[in-house]
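**Student:** Take this structure first; my questions come after.
The values are calculated or read from the model by the stated rules, or taken from the named source; none is laboratory data. Because the structure is a prediction, the values reported are computed rather than measured. All Cβ positions, glycine included, derive from the backbone under ideal geometry; neighbour counts span all protein chains shown. Heavy atoms of the whole protein, side chains included, go into the accessibility calculation; ligands, DNA and RNA do not. Shrake-Rupley method; radii C 1.70, N 1.55, O 1.52, S 1.80 Å.
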Amino acid sequence: VPAAEYAAAFARGVIVTVDNLHPLLHHPEVFRGRDVFLRLAPGHGAGHHHYVHTGGELSKFGIPRSDLEAARDAVRQAGARGVGLHAHAGSGILDPASWAEGGASLMAARELFPDVAGVDVGGGLGVPEKPGQGTLDLRAVAASLRTLTAAHPGVKVWMEPGRFVVARAGVLLLT
């Protein structure tokens, strides 16, 4: 993301998510005095195909766990405040425990970021894509997230519904 795009987002009152150290290290002036979310690689990926696993340790999506101390230092040196942590493990996920597992990784990372008031466990909620495929048990997802929130009172937990909201509303036909 070019520095100008971060600056434009901040000018509009947006709290941005930084998914690697480069902008903090190379454009600290853009982040000075700003609140940011950090996108972390949760260490595992999930989903309907290995090509959509966006959360593994070698994923290009998010700051690897091995770089968390460097991320903390980069936020401090830029004069920013890390107010939230974000992760996204993949797409088409049908395992109800996946988001709580990723959330636990984010909660553990909070010890390096004392200003974190919220975590975003991402999205990727699966929808049936083939005949006979099971559906995601939303009650089980909610139960696993309740366990996460009960263990970390006072920390807001967000989830991104993404295409789950509209995926079954239409059909894509191609030739």
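**Student:** Using a 1.4 Å probe on the protein heavy atoms only, what accessible surface does W158 show? Give it in Å² to the nearest 10.
**Tutor:** Roughly 110 Å² of W158 is accessible to a 1.4 Å probe.
**Student:** What stretch of the chain, leaving out the sites themselves, is the longest with no GluC sites (Glu not before Pro) in a DSSP loop having at most 13 other Cβ atoms within 10 Å?
**Tutor:** 58-128
**Student:** Which net charge results when you count Lys and Arg as +1 and Asp and Glu as -1 among the other residues whose beta-carbon is under 14 Å from that of G122?
**Tutor:** -3
**Student:** Would you check the accessible area of M159, probe 1.4 Å, heavy atoms only, in square angstrom rounded to 10?
**Tutor:** Roll a 1.4 Å probe over it and M159 shows about 60 Å².
**Student:** A follow-up question, please. Evaluate the distance, in nm, between pseudo-label points positioned 7 Å from the Cα of R65 and of A167 along their respective Cα→Cβ axes.
**Tutor:** So the two model labels end up 2.6 nm from each other.
**Student:** With labels modelled as points extended 7 Å from the Cα through the Cβ direction, what inter-label distance (nm, one decimal) is found for A108 paired with A11?
**Tutor:** Placing both labels 7 Å along Cα→Cβ, they lie 4.1 nm apart.
**Student:** Could you work out how much longer the chain between L21 and A142 gets when fully extended? Use 0.36 nm per residue separation minus the Cα distance between them, nm to one decimal.
**Tutor:** 40.3 nm
**Student:** Shifting gears a bit: If you project the alpha carbons of region 112-175 onto their three principal axes, what span does each projection cover, largest first, in Å?
**Tutor:** 53, 22, 18
**Student:** Now for a different question. Counting trypsin sites (Lys or Arg not before Pro) as exposed when in a DSSP loop with at most 14 other beta carbons within 10 Å, what is the longest stretch of the chain free of them?
**Tutor:** The longest uninterrupted stretch comes out as 61-175.
**Student:** Provide V165, V30, V18 ordered by accessible surface of protein heavy atoms (probe 1.4 Å), highest first.
**Tutor:** In descending accessible area the options line up as V165, V30, V18.
**Student:** Once you keep just the Cα pairs under 8 angstrom separated by 6 or more residues, what percentage relative contact order results for the chain?
**Tutor:** 19
**Student:** Calculated FRET efficiency, W158 and Q77, Cβ-Cβ r, R0 22 Å, to nearest 0.05?
**Tutor:** 0.20
**Student:** Another question, if that's okay. Which percent of the accessible heavy-atom area of the chain goes to carbon and sulfur, probe 1.4 angstrom?
**Tutor:** Accessible surface attributable to carbon and sulfur in the chain totals 56 percent.
**Student:** D for the chain, whole µm²/s, Stokes-Einstein with Kirkwood Rh over alpha-carbon pairs at 10 °C and 1.306 mPa s: what number?
**Tutor:** 93
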